[in-house]
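The values are calculated or read from the model by the stated rules, or taken from the named source; none is laboratory data. This structure is a prediction, so every number in the text was calculated from the model and none was measured. Heads up, the Cβs are rebuilt from the backbone with ideal geometry, glycines too, and the neighbour counts pull from every protein chain shown.
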């Protein structure tokens with residue numbers, strides 16, 4: 001037991017020692033971290049005190065040639081002194097307190113002091129940087145502004161050279177331009193005077209004025225010849241061409257009122273004069289844009305003129321075709337409409353067909369009215385051909401749609417007439433078949449004609465009478481007529497086939513009996529079969545007669561039926 005207690009005690013003691021050592025290490029590391037923070041803050045503070053403000057202020061001392069500069073110089077010194085005596089001193093106090101808290105291992109207050117020191121250092125750094133920038137703005141002004149002015153002088157010389165080389169292009173604008181060039185040269189002289197006085201606040205204004213004036217005059221030098229060319233030559237020439245073309249087209253009866261040319265040309269000339277007044281004052285803002293807009297308007301008139309010429313050509317071609325088609329359609333519709341009562345009395349038209357014809361006529365009346373309206377406006381020259389062309393296209397399309405409806409009505413009427421003619425032709429064919437059947441029956445003297453033949457003959461005659469009755473009926477119901485014709489044709493064909501089959505069977509039976517007579521003396525079975533076949537033949541049972549004689553003779557002659565068919569086909 002003592003041994004176990006000793007082992008446990010040893011383990012606990014070792015754990016306590018390890019824990020203490022870990023705490024010591026952690027505390028040392030935390031202390032080192034805060035010491036590093038304090039060193040970094042000290043370094044940043046030293047950077048602020050090392051700001052080259054005094055060096056820049058020393059550069060200003062030779063420039064103190066006026067009261068305004070001396071006043072600025074004194075203020076800058078006071079501000080730098082305030083940074084060193086107030087802000088840096090405050091930062092030093094915070095850093096001393098931070099060192100004390102680190103030694104006491106009061107890390108909570110250390111964190112607070114570090115945050116406060118960072119804020120104060122940031123404020124001081126910002127103040128010092130801003131002060132340095134203000135001072136450098138003056139110390140670097142001469143070099144900076146002289147560099148700018150050198151570039152402006154180079155730009156001015158290039159611009160002035162361009163003007164002098166093409167001076168004749170500026171016409172009456174020369175005085176205004178040369179006055180502005182003189183003002184620019186005067187500002188260059190003023191710049192030198194102000195620089196001599198080190199009045200850098202005034203230098204800024206002069207440099208800005210020079211930059212704006214040179215930029216403006218560069219635009220003037222570049223754009224004025226083009227503006228004068230457009231105002232003096234291009235636009236007047238374009239207006240003259242427009243007037244000449246318009247007068248010629250009006251003589252050729254082109255309606256151009258919709259273009260409102262006189263008013264638009266007058267307003268354009270007024271705008272051109274206003275733009276010219278602005279150009280003479282060297283105010284070129286939007287001048288080029290406005291002139292180009294006017295020029296584009298005149299160019300668009302050429303397009304409108306060409307469009308009118310093309311539209312007139314297309315209109316005249318379309319008008320001829322449309323006129324012929326309309327006259328033809330008017331004639332067809334009028335004839336149908338005038339004969340509508342007769343057509344209704346001839347055929348059993350449905351309401352849809354009649355309604356289509358009425359609608360077609362109404363639509364055609366409207367199309368004729370619209371067409372007359374177009375022709376009237378052409379005669380009065382009150383509408384442009386581009387508009388008339390589109391309206392005629394619309395009329396052509398409407399006429400086409402109406403013709404499609406008319407075709408439906410005409411097709412329906414044509415089908416009825418065709419069906420009637422076809423029914424009459426088929427009636428003749430049916431009657432011809434019936435006559436052929438009767439003639440064939442008469443030509444072959446059968447001992448007995450079966451009842452089936454007379455029943456079918458009666459049905460065929462009645463069906464033909466029904467067809468004749470439908471053809472004589474007014475109005476004709478085409479659907480019923482077609483049904484009657486189909487029925488009559490089927491019944492007559494049935495009778496025709498029955499007649500052929502009956503005659504063929506009777507003839508084969510008769511020839512077979514005659515052929516079989518040669519075997520009567522020799523074969524009793526054949527003799528008995530032939531007697532039975534004869535009995536069937538005279539009773540009109542021709543199928544049984546043929547079957548009986550073939551059966552009787554089959555014992556003697558197997559090929560008898562084939563020979564009988566060959567004889568029949570001959």
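Descriptive notes on the structure:
- Tallying residues that are assigned to a helix (DSSP H, G or I) and surrounded by fewer than 17 Cβ atoms within 10 Å (Cβ to Cβ) within the stretch 284-303 yields 12.
- Test: residue in the stretch 242-249 that is surrounded by 14 or more Cβ atoms within 10 Å (Cβ to Cβ) and either without any contact (Cβ under 8 Å) to a residue 24 or more places away in the chain or closer than 30 Å to residue 151 by Cβ (or both): no
- Residue in the stretch 526-540 that is assigned by TED's automatic domain parsing to the domain that holds residue 452 and at pLDDT below 80 present: yes
- Selection count where residues are in contact with a helix residue (DSSP H, G or I) (Cβ under 6 Å, 6 or more places away or on another chain) and crowded, with 18+ Cβ neighbours inside 10 Å, scope the stretch 306-333: 6
- Output for the stretch 472-495, where each listed residue is surrounded by 16 or more Cβ atoms within 10 Å (Cβ to Cβ) and either at pLDDT 80 or above or part of a helix (DSSP H, G or I) (or both): 478, 481, 482, 484, 485, 487, 488, 489, 491, 492, 495
- Across the stretch 362-370, a minimum of one residue is classified as part of a helix (DSSP H, G or I), surrounded by fewer than 13 Cβ atoms within 10 Å (Cβ to Cβ), modelled with pLDDT under 85 and out of contact with any strand residue (DSSP E or B) (no Cβ under 7 Å at 6 or more places or on another chain).
- Members of the stretch 34-47 that are surrounded by fewer than 12 Cβ atoms within 10 Å (Cβ to Cβ) and modelled with pLDDT of 70 or more: 36, 39, 43
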